[in-house]
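Participant: Mind looking over this structure? Questions follow.
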Amino acid sequence: MGDTENLNVTPLNALHRELGARMVPFAGYDMPVQYPTGILTEHKHTRAAAGLFDVSHMGQVKITGADPAKALEALVPGDIVALDVGKMRYTLFTNDAAGILDDLMVNKRDRDLFVIVNAACKEQDIAHMRSHLKGCEVEYLEDRALLALQGPAAVDVLSRLNSVMPAMSFGMGATLALGKYEAFVTRSGYTGEDGFEISLAADQAEEFARWLLSQPEVKPIGLGARDSLRLEAGLCLYGHDIDTTTTPIEAGLAWTISKRRREEGGYPGAAVVQKQLKDGVSRKRVGIQPEGRAPAREGTEILNDKGEKIGVITSGGFGPSVDAPVAMGYVASDYAKAGTPLSLMVRGKPLPARTCTLPFITKRYAK
Amino acid sequence: MTTRYTKDHEWIRLDGDVATVGISDYAQSQLGDVVFVDLPAPGKTVAAGAEVAVVESVKAASEVYAPASGEVVESNQAIADDPALVNRAAQTEGWFVKLKLSNKTELDALMDQAAYDAYLKTL
């Protein structure tokens with residue numbers, strides 16, 4: 001068991017304990033990895049009904065200034081200037097070698113940008129933004145909680161508090177009244193399901209979470225199922241599938257870079273990205289489907305049919321909805337085509353696998 | 001047939017020369033949902049404390065260590081076919097292997113039920 005003395009807590013810490021969660025240290029926070037029903041049940045419940053996730057450990061940041069969208073484009077390859085007010089975009093902080101410093105969601109609002117970054121990276125991200133965003137104020141919203149309600153029933157649950165919810169399309173965000181709570185709500189998530197992320201005052205979070213959990217469709221979901229859900233959805237986990245040694249192109253994230261930004265550059269590592277878009281990359285992130293029942297975990301070596309190492313798994317485990325092991329990782333580009341046979345070295349034995357397209361499940365985002 | 005336990009949460013129960021080995025109910029509750037087991041082929045010999053099997057939950061893989069030295073005479077096909085049986089019946093039908101022990105006195109060093117229960121309280 002880890003040392004829990006120096007860990008930060010979210011506003012829902014007491015509620016997690018009351019619900020019987022098993023708590024683990026994660027990114028400096030004391031977080032629920034699972035509740036008594038277990039990861040399989042939590043995972044399947046999220047895809048069948050609605051799961052409540054506490055993601056308050058993530059960094060919520062407000063950027064204000066004369067033109068924060070233009071300013072932020074100096075740090076990310078995403079098209080923030082062209083983003084409409086009320087919409088959100090997934091993008092990346094890159095370094096001069098086009099390595100990925102973090103991934104983030106950017107919401108364009110009337111008077112600011114609202115940015116969500118990873119818990120483990122938030123201090124460095126905030127320092128990075130403060131030192132580079134000319135003419136902008138970067139405010140860390142420490143007094144906000146962040147809850148995610150994910151799954152096909154999420155929209156019905158929140159509609160009981162505000163009838164506008166079904167009208168939001170995926171990737172939209174708005175400041176809304178949810179009953180007596182004022183929240184910034186986006187229709188988004190990290191599970192491959194329809195759902196919402198809800199930013200609200202930390203001191204209201206527990207009461208709001210209790211209301212959500214009082215709804216028949218809603219169960220609490222821990223970080224264990226969050227990981228298996230996002231892996232089935234083919235979504236990257238920072239520090240595992242993407243990091244400073246991987247570029248957006250190698251990671252299969254070229255879709256996050258608009259035509260204008262590919263041409264104009266103007267972000268760290270733009271020259272590397274342009275070269276990789278033109279000449280290709282030596283390795284690519286792919287989905288990997290082990291053929292047997294044995295999961296292949298992060299760090300597992302990937303071999304070709306001659307037994308030569310051609311890659312490594314960066315996320316791997318068991319996919320409860322797929323009912324089979326699932327993984328993703330990087331392979332030499334010659335092996336990236338879906339259906340290519342590979343071997344995975346698990347406990348010294350080569351296990352057969354194939355590359356596959358991501359995601360492993362059909363995403364069900366609201367149109 | 002006394003059940004004895006290791007500090008790594010394996011149990012072992014001797015019946016004649018052959019001992020049945022599994023993981024404790026505490027261990028299965030800590031692992032969570034078991035989705036895969038990697039079992040040894042009969043004939044494999046293991047030393048006390050050496051890895052004899054692997055149990056995988058959704059989250060992670062964990063080694064199962066032999067509580068005593070011996071030769072694997074049988075692996076439990078039922079948990080290979082239905083890994084969740086380890087969660088449902090860790091100390092009965094969810095056993096892992098049967099070992100023909102080479103030195104039964106090794107069992108004397110292991111905890112009995114009362115000692116194991118006391119040990120769990122310290123965790």
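The values are calculated or read from the model by the stated rules, or taken from the named source; none is laboratory data. In this text the structure is predicted, and so the values were computed from the model without any measurement. Glycine also receives a Cβ, built like all others from the backbone with ideal geometry; neighbour counts cover every protein chain displayed. Calculation scope for accessible area: heavy atoms of the full protein, side chains included, ligands and nucleic acids excluded. Shrake-Rupley method; radii C 1.70, N 1.55, O 1.52, S 1.80 Å.
Participant: Quote the charge dipole size of chain A about the Cα centre in Debye, to the nearest 20; the model charges only the Cβ of Lys and Arg (+1) and of Asp and Glu (-1). Don't skip to the answer; put the middle values down first.
Facilitator: Values: 42 positive and 45 negative charges, 233 e Å.
Roughly 1120 debye, rounded to the nearest 20.
Participant: Averaged over peptide A:318-324, how many Cβ atoms belonging to another chain are found within 10 Å of each residue's Cβ? Walk me through the numbers on the way to the answer.
Facilitator: Details: counts 9, 2, 3, 0, 0, 1, 1.
Mean shielding count: 2.
Participant: Here is a follow-up. Once you sort the root eigenvalues of the Cα gyration tensor of chain A as a ≥ b ≥ c, which label holds: rounded (a/c under 1.5), prolate (a/b larger than b/c) or oblate (the other case)? Could the numbers behind the result be given before it?
Facilitator: Numbers: a/c = 1.72, a/b = 1.15, b/c = 1.50.
In terms of gyration-tensor shape, oblate.
Participant: Which value in nm describes the separation of the simple spin-label points at A:Ala177 and A:Asp334, placed 7 Å from the Cα toward the beta carbon?
Facilitator: 6.5
Participant: Still on this structure: With r as the distance between the Cβ atoms of A:Thr64 and A:Lys349 and R0 = 51 Å, compute the FRET efficiency 1/(1 + (r/R0)^6) and round to 0.05.
Facilitator: Working: r = 56 Å, r/R0 = 1.10.
It comes to 0.35.
Participant: Too long at a 32 Å Cα-Cα cut-off: which of A:Lys122/A:Lys284; A:Lys306/B:Lys44; A:Lys337/B:Lys44; A:Lys134/A:Lys259?
Facilitator: Details: A:Lys122/A:Lys284 27 Å; A:Lys306/B:Lys44 29 Å; A:Lys337/B:Lys44 39 Å; A:Lys134/A:Lys259 25 Å.
Too far apart for the 32 Å limit: A:Lys337/B:Lys44.
Participant: Place a label point 7 angstrom from the Cα of B:Lys121 along the Cα-to-Cβ direction, then list the residues of the stretch B:14-33 whose backbone nitrogen is under 19 Å away.
Facilitator: B:25-27
Participant: Dipole of the stretch A:265-344 (Lys/Arg Cβ +1, Asp/Glu Cβ -1, origin at the Cα centre): which of A:Ala296, A:Ala270, A:Val322 lies farthest to the positive side?
Facilitator: A:Ala270
Participant: How many nm separate the modelled label positions at A:Glu142 and A:Lys275, each set 7 Å beyond the Cα in the direction of the Cβ?
Facilitator: Between A:Glu142 and A:Lys275, the label points sit 4.2 nm apart.
Participant: Turning to a different aspect of this structure: Pop the C-beta distance of B:Asp112 and A:Ala324 into the FRET formula with R0 = 45 Å and round what comes out to the nearest 0.05.
Facilitator: Numbers: r = 41 Å, r/R0 = 0.90.
E between B:Asp112 and A:Ala324, to the nearest 0.05, is 0.65.
Participant: May I ask for the net charge around A:Asn13, where only other residues with Cβ less than 11 Å from the Cβ of A:Asn13 are counted and Lys, Arg are +1 while Asp, Glu are -1? Working shown, then result.
Facilitator: Working: positive: A:Arg17; negative: A:Glu18, A:Asp30, A:Asp54, A:Glu206.
Net charge in that neighbourhood comes out at -3.
Participant: List the residues of the stretch B:1-34 whose backbone N lies under 14 Å from a point placed 7 Å from the Cα of B:Ala78 along the Cα-to-Cβ direction.
Facilitator: B:20-23
Participant: In whole Hz and in residue order, list the ³J(HN,Hα) couplings for the stretch A:60-75 that follow from phi through the Karplus curve 6.51 cos²θ - 1.76 cosθ + 1.60, θ = phi - 60°; x for Gly and Pro.
Facilitator: Residue by residue, the stretch A:60-75 yields 9, 9, 10, 10, 10, x, 5, 8, x, 5, 4, 4, 5, 4, 6, 10 Hz.
Participant: Dipole of the protein assembly as shown (Lys/Arg Cβ +1, Asp/Glu Cβ -1, origin at the Cα centre): which of A:Phe93, A:Phe26, A:Gly51 lies farthest to the positive side?
Facilitator: My answer, from the dipole projection, is A:Phe93.
Participant: So, with +1 on the Cβ of K and R and -1 on the Cβ of D and E, and no other charges, what is the size of the charge dipole of the stretch A:282-356 about its Cα centre, to the nearest 20 debye? Intermediate values should be presented prior to the final figure.
Facilitator: Working: 11 positive and 7 negative charges, 17 e Å.
It works out to roughly 80 debye.
Participant: Using a probe radius of 1.4 Å on heavy atoms only, what accessible surface per residue do you get for the protein assembly as shown? Whole Å² is fine.
Facilitator: Heavy-atom SASA per residue in the protein assembly as shown reads 42 Å².
Participant: Let me know the charge dipole size of the stretch A:239-367 about its Cα centre in debye, to the nearest 20, where only the beta-carbon of Lys, Arg (+1) and Asp, Glu (-1) is charged. Before the final figure, lay out each step's value.
Facilitator: Details: 20 positive and 13 negative charges, 77 e Å.
Magnitude of the dipole: close to 380 debye.
Participant: Once you average over the residues of A:213-226, how many Cβ atoms of partner chains fall within 10 Å of each Cβ? Don't skip to the answer; put the middle values down first.
Facilitator: Values: counts 0, 0, 0, 0, 0, 0, 0, 0, 0, 0, 1, 6, 2, 0.
Shielding by partners across A:213-226 averages 1.
Participant: Per-residue Cβ counts within 10 Å, from other chains only, averaged over B:58-67: what number is that? Present the calculation step by step, with values, prior to reporting the outcome.
Facilitator: On the way: counts 15, 13, 4, 7, 0, 1, 0, 0, 0, 0.
Going residue by residue through B:58-67 and averaging, the value is 4.
Participant: Is the stretch B:3-106 rounded, prolate or oblate when judged by the Cα gyration tensor, a ≥ b ≥ c being the square roots of its eigenvalues, rounded requiring a/c under 1.5 and prolate requiring a/b larger than b/c?
Facilitator: Details: a/c = 1.72, a/b = 1.55, b/c = 1.11.
Prolate shape, in that a/c is at least 1.5 and a/b is the bigger ratio.
Participant: Still on this structure: Kindly list the residues of the stretch B:79-123 that lie in the label zone of B:Val18, defined by a backbone N under 15 Å from the point 7 Å along the Cα-to-C-beta vector.
Facilitator: Residues passing the 15 Å test: B:95-102.
Participant: Give the peptides B:92-101, A:225-234 in descending order of average Cβ contacts within 10 Å, highest first. Before the final figure, lay out the partial values.
Facilitator: On the way: B:92-101: 20.7, A:225-234: 25.0.
Top to bottom by mean Cβ count within 10 Å: A:225-234, B:92-101.
Participant: Another question, then. In the stretch A:282-356, carbon and sulfur make up what percent of the accessible area (probe 1.4 Å)?
Facilitator: 51
Participant: Let me ask another. Of B:Trp95, B:Ala19, B:Met1, which is farthest along the charge dipole of chain B in the positive direction, counting Lys and Arg as +1 and Asp and Glu as -1 at C-beta?
Facilitator: Towards the positive end, the residue furthest out is B:Met1.
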